[in-house]
Amino acid sequence: MESQQVFTIGQQGLMMLLMVAAPMLIVVLVVGVLVSVFQAATQINEATLSFVRPGPD
């Protein structure tokens, strides 16, 4: 097998991996950005969430 064939097969494999993984990565990116915007808009972060307690009964 020639080196050009190896590079072509490798390139095709990487393109296939990108096409398979891209939709999931885009969804995760959008969800992360939305959560970040919500936290910034409401000034909530993980550190303050741990101190939130229910009201008295």
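Residues within the reach of a label modelled at A41 (point 7 angstrom out along Cα to beta-carbon, backbone nitrogen below 17 Å), restricted to region 18-35, are 30-35. In order along region 11-24, the phi-based Karplus estimate (6.51 cos²θ - 1.76 cosθ + 1.60, θ = phi - 60°) of 3J(HN,Hα) comes to 5, 5, x, 5, 5, 5, 4, 5, 5, 6, 7, 4, x, 5 Hz; Gly and Pro are listed as x.
Quick note: the coordinates plus some simple rules give every number you see, no bench work behind them. Everything quoted here is computed from the prediction, not taken from an experiment. Positions of Cβ are generated from backbone atoms using ideal geometry, with glycine treated the same way; all protein chains shown enter the neighbour counts.
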